[in-house]
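We did not get these values from a lab; they are worked out from the coordinates using the rules stated. The structure presented is a predicted model; accordingly, all values stated were derived computationally and were not measured. Cβ atoms come from the backbone with ideal geometry, glycine included; neighbour counts cover every protein chain shown.
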Amino acid sequence: MTSEPRRRHKVTGRRQIILALAVALGMTGGAAMAEMQQDGGVLEVSGSGSFRVVPDIATARLGVVAEADSPGQATGALGVNLDAVLGQLVEAGVPPKDIQTGTLTLSPVYEQIDPVGPQRRQRNLVGYTASSILSVRLSNIDGLSEVLDRVISAGANRFEGLSFGLADDTAAQDAALAAAVADALRRAAIMADAAGMGLGPILSVTEERGGGVPRPYLARAEMAMSDAPVPVAPGEVEISQSVMLKAALEPLN
């Protein structure tokens, strides 16, 4: 008879311990839940921006191709025409530091002979081709057509492209970067509002690599091997930037 109160007392003690643990765990869980509610999380969003500006420099890739029966004759003809082209560039006011030889090649020229009967196709050596391509940086875009006309008249018969850019693109890069950050902030605000949260402090803004490279926008160059001046339309260049933005999310009051 005396054992029952002891058993009841032990059970009561266990219940008190379990109840105390449950209360403690419940309080801890509630505090963690409250902390999670106070910290709404982090929003990560990208932004992009661009800035268009009229270019102030141009880079032309042009040169001379000469063909002859022997390597010496081909390189000799190339040298004569190339000297004339270089002379016209300097006479047009292009500094020597802005003229660079890009490629210089000499290669044989073969003629294919169709086989007759069971014979295999043969190749006959008919001459040699020598070529040189110059990379020319032109700071006077207004006089670009005249410069191209000069070099064509002097013997330039190879044209590989014309690109436009900026001598100093710092201001354009800064404007594009500011536009990218503004775009990221705008998108972050939209996403936070759609999620029913408020946009908190900005945690970080990182510029993405590979941005800021100028590219032509509505820029073209037309070159005709004729007596007429070469028409050139520089158009604009576009500077682009991209960023990654992290911001805190906060519950709405």
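Tabulated results
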{"read-out": "Convex hull volume per residue in cubic angstrom - Cα atoms of segment 103-186", "value": "219"}
{"read-out": "Translational diffusion of segment 46-112, µm² s⁻¹ [Kirkwood Rh, Cα pairs; Stokes-Einstein; 37 °C; 0.692 mPa s]", "value": "213"}
{"read-out": "Residue-count net charge about Glu91 - beta-carbon cut-off 13 Å; Lys, Arg +1, Asp, Glu -1", "value": "-2"}
{"read-out": "Segment 64-92-segment 160-212 distance, computed between alpha-carbon centres (Å)", "value": "48"}
{"read-out": "Potential lengthening between Glu208 and Glu146 on full extension [0.36 nm per residue; Cα-Cα distance subtracted]", "value": "18.3 nm"}
{"read-out": "Residue-span extension gain [Val126 to Asn253] - 0.36 nm each, minus C-alpha spacing", "value": "37.1 nm"}
{"read-out": "Summed side-chain charge close to Glu44 - residues other than Glu44 whose Cβ falls under 14 Å, Lys, Arg +1, Asp, Glu -1", "value": "+1"}
